[in-house]
Amino acid sequence: MRISLRLPQSMPVNRHTATVPTMEILTMAVEALWNNKLRTALTMLGVIIGITSVIAITSVGQGVQKATEQQIQALGTDVLQIFPASARTGGISQGVGSSSTLTWQDAKAIQQQAPAAEVVSAYLQRPGQVVYGNLNHSTNIVGIDLNYLQARNTNLTQGRFFTAQEMDVAKSIAILGPTVRNELFGSNGNVIGEQIRIQRNIYEVIGVFEKKGSEGSMDRDDQVFIPLTNMSSLVVGNNALNGFAVNGIYIKVADGDQSKTAEFQVVNLLRLRHNLSPLQSDDFTIRNRTDIVNTFSTVVGLFTVMIVAIASISLLVGGIGIANIMLVSVVERTREIGIRKAVGATNSAILHQFLAESVVISSVGGGIGVGIGILIAFASAMMFNFPFVVSVWSVVCGFGLSFIVGLLAGVIPARNAAQLDPIVSLRSD
């Protein structure tokens, strides 16, 4: 009796050697997967979702981190900010800056006696109403000195800044933030020379600051700036026994690396000026923006890693899905495997065949996931207006993870296929 064995077209065998070339194995793997398109696509889905999540979350996290760092750096990472200590009412702290322990004289002393402090600027602020004609706007009135432009790294888009003579005589002049200008005068036109009213006092508008955005919970553009001397005498009134108290002091250092040196010098100088004993705590607080940037970067980085780790769980689910489908495929193709072995295919060739199918599924799914993840990250960056960042390492890791998942998921099914007895396989229906 003659037995005729027909080898499926998707399983060609090199009859002259016991091994099958790598490209031939990949070709057979692709053909086998293409013959079951729907099942292959559904198997890829878990890997696609996992890689998409990893790429999108990593990219969005890096974009948000970069955007925040840019905002903080725009405000100046070479700037220290000093606040008065917290006042207490009935034993309850009223928050940083609520007491009157800093004065303009402290700022002048820091400028003269702290070598690391390049520019020192004091400010005094209060909420208030600004009136123009029949329009009024609730905003923040800020008294500033002549060093404000340098200390805050800002410029004017219209008009000019205060002069030393105007500061000395406490002249009633004002510079508007962009938001206040838009609320009272609209976004177009020249407002220089217009008159506004603050607490029944008339102020002449001499300039408009450039747009700077928010700093924490404070909108830097929604403010009106007047001379510090005028703020102390007309808006706030005498608020300290010696000189007048301020709400804070900005210190710009020549180099960001000198911020710690400047902080050390300022702490010692202010403790001496405020007659604090070694046992007493500081009656002021210093905020170093370099520390803020570093802390925020660390927090966002850890948060991104945590989210990516959670998203990677879907990769595990995808790998389990690949393993399940490959095990089913081995059972369905038992007779086919028997035929291949009968015509000379080695266990190694069978093993490589099924491993190749598993790796192709995960690699193609990983590539699709990377593409979708990048598109989602780009769309998010455009929608929420933060930098679009896709790091090479995240893409490489995405492909690498998908390859490893496919390799690991295919090991058991491929081994099972390679170990099948050819006689038993040929008897399979």
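The values are calculated or read from the model by the stated rules, or taken from the named source; none is laboratory data. The model shown is predicted, which means the values in this text are computed figures rather than measured ones. A quick note on method: Cβ atoms are made from the backbone with ideal geometry, for glycine too, and the neighbour counts reach across all protein chains shown. For accessibility, only protein heavy atoms count, side chains too; no ligands or nucleic acids. Shrake-Rupley method; radii C 1.70, N 1.55, O 1.52, S 1.80 Å.
Of all the criteria given as (1) modelled with pLDDT under 95; (2) open to solvent by 30 Å² or more (accessible area, probe 1.4 Å), the one not satisfied by S99 is (2). Of all positions in the range 173-196, at least one carries a residue that is of a type outside the set (K, R), touching a strand residue (DSSP E or B) at 6+ places or on another chain (Cβ under 6 Å), open to solvent by 50 Å² or more (accessible area, probe 1.4 Å) and in a strand (DSSP E or B).
Selection of the range 332-354 for residues being closer than 25 Å to S402 by Cβ, aliphatic (A, V, I, L, M) and open to solvent by 30 Å² or more (accessible area, probe 1.4 Å) yields only L351.
A quick yes/no check of all residues on (1) in a helix (DSSP H, G or I); (2) more than 30 Å from G50 (Cβ to Cβ); (3) at pLDDT below 85:
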| residue | (1), (2), (3) |
| --- | --- |
| S329 | yes, no, yes |
| E336 | yes, yes, yes |
| G344 | no, yes, yes |
| Q353 | yes, no, yes |
| A356 | yes, no, no |
| S363 | yes, no, no |
| G366 | yes, no, no |
| V370 | yes, no, no |
| G373 | yes, no, no |
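Scan the range 226-262 residue by residue and report those that are closer than 21 Å to I198 by Cα, part of a loop (DSSP other than H, G, I, E, B) and modelled with pLDDT under 80. Hits for the range 226-262 are G237, N238, N239. Could you grab me the full set of residues in the range 377-386 that are open to solvent by 40 Å² or more (accessible area, probe 1.4 Å) and either among the aliphatic types (A, V, I, L, M) or under 21 Å from L407 (Cβ atoms) (or both)? Across the range 377-386, the qualifying residues are A379, M382, M383. Those residues that are crowded, with 18+ Cβ neighbours inside 10 Å, part of a helix (DSSP H, G or I) and not basic (K, R), I need them from the range 112-157; list them, please. Y148, A151 - these are the residues of the range 112-157 that are crowded, with 18+ Cβ neighbours inside 10 Å, part of a helix (DSSP H, G or I) and not basic (K, R). One residue stands out in the range 315-327 among those that are open to solvent by less than 30 Å² (accessible area, probe 1.4 Å) and more than 20 Å from E31 (Cβ to Cβ): the one that is modelled with the highest pLDDT, namely A323.
So that you can scan it fast, the table gives a plain yes or no per residue for (1) at pLDDT below 85; (2) loosely packed, with under 14 Cβ neighbours inside 10 Å:
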{"site": "R2", "(1), (2)": "yes, yes"}
{"site": "P8", "(1), (2)": "yes, no"}
{"site": "V13", "(1), (2)": "yes, no"}
{"site": "M23", "(1), (2)": "yes, yes"}
{"site": "V30", "(1), (2)": "yes, no"}
{"site": "I55", "(1), (2)": "no, no"}
{"site": "T58", "(1), (2)": "yes, no"}
{"site": "V64", "(1), (2)": "yes, no"}
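Would you mind stating whether I374 is more than 29 Å from T68 (Cβ to Cβ), surrounded by fewer than 23 Cβ atoms within 10 Å (Cβ to Cβ) and of a type in the set (V, I, T)? Spelling it out, it is not the case that I374 is more than 29 Å from T68 (Cβ to Cβ), surrounded by fewer than 23 Cβ atoms within 10 Å (Cβ to Cβ) and of a type in the set (V, I, T). Quick check on the range 98-151: of everything there that is of a type in the set (S, T, N, Q) and touching a Gly at 6+ places or on another chain (Cβ under 8 Å), which residue is nearest to A245 (Cα to Cα)? Residue satisfying both the conditions and the ranking: T103.
Here is a yes/no grid of residues against (1) closer than 24 Å to D145 by Cβ; (2) touching a residue at least 60 places away in the same chain (Cβ under 8 Å):
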site	(1), (2)
A254	yes, yes
E263	yes, yes
N275	no, no
M306	no, no
I310	no, no
G318	no, yes
S329	no, yes
G338	no, yes
S348	no, yes
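Note on the range 387-415: residues that are open to solvent by less than 30 Å² (accessible area, probe 1.4 Å) and under 17 Å from I320 (Cβ atoms) amount to 7.
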